[in-house]
1. Tell me the label-point distance for the pair Arg125, Ile192, using the 7 Å Cα-to-Cβ offset, in nm and rounded to one decimal.
2. Computed from the coordinates I sent, Cα extents along the principal axes in Å equals one of (i) 55, 51, 36; (ii) 61, 42, 38; (iii) 64, 48, 35. Tell me the label.
3. Would you mind ranking Arg318, Arg235 by Cβ crowding within 10 Å, fewest neighbours first?
4. Expressed as a rounded percentage, what relative contact order does the chain have, with Cα pairs under 8 Å and six or more residues apart?
5. Provide the packing ranking of 269-275, 63-69, i.e. peptides ordered by the mean count of other C-beta atoms within 10 Å per residue, highest first.
6. Given 4 °C and 1.567 mPa s, how large is the Stokes-Einstein diffusion coefficient of segment 39-214 in µm²/s, with Rh as the Kirkwood radius over Cα pairs?
7. Find how many whole Å separate the alpha carbon centroid of segment 150-204 from the alpha carbon centroid of segment 123-143.
8. Stokes-Einstein diffusion coefficient for segment 77-147 at 37 °C in a medium of 0.692 mPa s, Rh from the Kirkwood formula over Cα pairs: what value in µm²/s?
Amino acid sequence: MPYALYIILLCSLAACNLNPTGIQMQAGWKARSLAAWHDHHPDMMVFSKDGKTLYISCETPGGLLSPSLIAINLKNNHQRTLLFGLAHADALKMAPDGSLWLGEETADGLMWRITEPGKLPPEQRVDRQRLQSSDPAIAPLLHAGRFSHEGLTFSQDGRFAYMADEWEEGCIYRYDMQARKLYVLHKKKGWIAIREPNNARIDAEKLHAQYFNRIEDMETLPDGRILLAETGTGRVLVLDDRGNHPQLNTWLEHENLVHPDNLAWDEKRGWLWITDDGNPSYLWAWDGKELHEIAHHDDAEITGVTIRGDDVYINLQRSLSRPEVLLHIYEQPNTPES
């Protein structure tokens, strides 16, 4: 979006409402707008390695005019649309080698890899039917499987990528990045090899792999365990894949947590941030003992929570051409009474 148009959009929002974004913050927290769009459906977010750029996936339908990936320079709020053409781009993580992985949340979705995303020129295109792109730095990871890619994270040693198929009978997959081999999780047998990644769902069914009810996001903890948001059951699971056999348990289940969606581990505070795709949509923080409401919105879905230092970033995703916004969430310092 041109900068002048962005300013006009934010000004028009402010003219209509003293709280133009509609976000309801709890005491002690503030929000400020950084960017706004129409019909971009911003979802997952990740920082560049140097922390200067924020990448945002756009959950738009496939098409050469549909934005799929945005890059925002947080120093000057300058934004560029890097990529068009993916179908419901969602899963988004920076791989240990510095490449950017971007997955499609659709039944025949693919995982795409962008080498050196900081050097990618804007306005690139993908033809997902022909598996072609306008830049050689953008390529599909065919061995990583075709399914609804939303949950994505990496092992601490950089060997494996963990992925989840986001549907009512979806499975958890582990991709060996060196061997380029895909595995699916079985409740008793552990990881079983997928023979045909292009038909990963069918192979998983034949292998009687373990089903989950819509895994939305994954996050690797500092100790190497992996958290998974299972929105269909309203709980957060934990996968321990550090031993000889993977162990899976419930990590968090709370009566107020309805549809956990995006996850972000806050290493500085020791919190897990959770977006809740309910009505209203909530932003929660779990401190290990209590679930704290930080914000909620009655008319938009809070998506893509990500953390850097003290700063928290979220998107407000809407439909019907209503403004969608990137927000910076921060704690308001306590001021002593005079």
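1. 4.3 nm
2. (iii)
3. In increasing order of surrounding Cβ atoms, one gets Arg235, Arg318.
4. Dividing the mean separation by the residue count of the chain yields 15 percent.
5. Details: 269-275: 20.6, 63-69: 18.6.
The packing order, highest mean first, is 269-275, 63-69.
6. Values: Rh = 16.3 Å.
For these conditions, the coefficient is 80 µm²/s.
7. 22 Å
8. On the way: Rh = 12.4 Å.
Rounded, D is 265 µm²/s.
Rule-based calculations on the coordinates, nothing more; no lab input. Computed from a predicted model, the values in this text were never measured in an experiment. Quick reminder, even Gly has a Cβ in these numbers, built from the backbone with ideal geometry, and neighbours come from all protein chains shown.
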